[in-house]
Amino acid sequence: MKEDGSSSSHVPISDSKSILKSELLSLLKTYNCYHEGRSFQLRHREEEGALIIEGLLNIAWGLRRPIRLQMQDDRERVHLPSASWMPDRPSYLQKEASPQDSKVTAKEPGAPHANKAEVSRDSSAPLEEEEVPQLMRTKSDASCIIQRRPKSRAPGEAQKIRRHRFSINGHFYNHKTSVFTPAYGSVTNVRVNSTMTTQQVLTLLLNKFRVEDGPSEFALYIVHESGEQTKLKDCEYPLISRILHGPCEKIVKIFLMEADLSEEVPHDVAQYIKFEMPELDSFVEKLKEEEEREIIKLTMKFQALRLTMLQRLEQLVEAK
């Protein structure tokens, strides 16, 4: 890896580091061989001499605090009730409605039927390779204490419930369950390319699930199986980092975590994380014994030096 990424033979890893294009292509070939026959294979192309890689990037949820989903969704459809009067239409024609119009008018008061039709149309649409946005909830969420809805409701209460329902990319949630914590370790994915920085990937992921919190409150971490944990800087490219760390997610995963609750774990510390407390206590005892031996050794060394200095001073005094 070199510091200068301006040459067309290099691909930038961050603002100050780059990798040889041939080396990255070799790693990409290994990555695609691992995911052969699956939708996680990455494609690459060149634009104006620059290598661009694109595809799906898996990101695991590692949040400790609940997140809040937005109450508005840009994919919601607005259903306007049809009025009995229409502009630019004679009054005598408004009274004479066709049989088809009468059928539609009869169905209009049942607003939930229209919602069901929209949901069924959305469900019948062809799915893309990218997964449908779904968030696995933990057992500590408010969803666990939601009581079963009664079968019959008053018209006013039903209208209030419909007013508090909202859609997230086709999935409906109630306002009472819009605040929850995704299950730790559950995996989602986003379609990214090698030119997207950490902040851009975070923004894309949060927008996918309509998360109300901003990207500055989160961070992406490279988490190793050993427990080593490294934060991706804002100037780094997560897809490039994924390729560099290999395709196997049992060894290395990319986690979304809170920026203020997470911290980096160096390799020297990570190697002790998986030990049990009795084993760690024995390590501490051995370190204390070694420390005491070093203290005794240093004490004897300086006592001998002090004795030598005193003897030399006595010799100098006697010589005078």
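Just so it is clear, none of the values below were taken in a lab; they were calculated from the coordinates. What you are looking at is a predicted structure, and each value in this text was computed from that prediction instead of being measured. FYI the Cβ positions are ideal-geometry reconstructions off the backbone, even for glycines, and counts take in every protein chain you see.
Observations on the structure shown:
- Neighbour net charge for T197 - beta-carbon separation under 11 angstrom, K R +1, D E -1: -2
- The H on the amide N of I67, modeled in the peptide plane, is under 5 Å from the matching H of F180, T181, each at least 5 residues off or on a different chain.
- Put simply, the amide H of H10, placed in the peptide plane, has neighbours under 5 Å in K21, leaving out anything fewer than 5 places away on its chain.
- Under the Karplus curve 6.51 cos²θ - 1.76 cosθ + 1.60, θ = phi - 60°, whole-Hz ³J(HN,Hα) for region 50-63, x wherever Gly or Pro sits: 9, 7, 10, 10, 9, x, 7, 10, 7, 9, 9, 7, x, 7
- In order through region 275-289: 3J(HN,Hα) via Karplus (6.51 cos²θ - 1.76 cosθ + 1.60), integer Hz, x for Gly, Pro: 6, 7, 4, x, 5, 5, 5, 5, 4, 5, 4, 5, 5, 5, 4
- Computed from phi, the 3J(HN,Hα) profile of region 191-202 under the Karplus parametrisation 6.51, -1.76, 1.60 (θ = phi - 60°) reads 8, 10, 9, 6, 9, 8, 7, 4, 5, 5, 5, 4 Hz, with x in place of Gly and Pro.
- Extension gain for S39 to E292 (0.36 nm times residue separation, less C-alpha to C-alpha distance): 85.2 nm.
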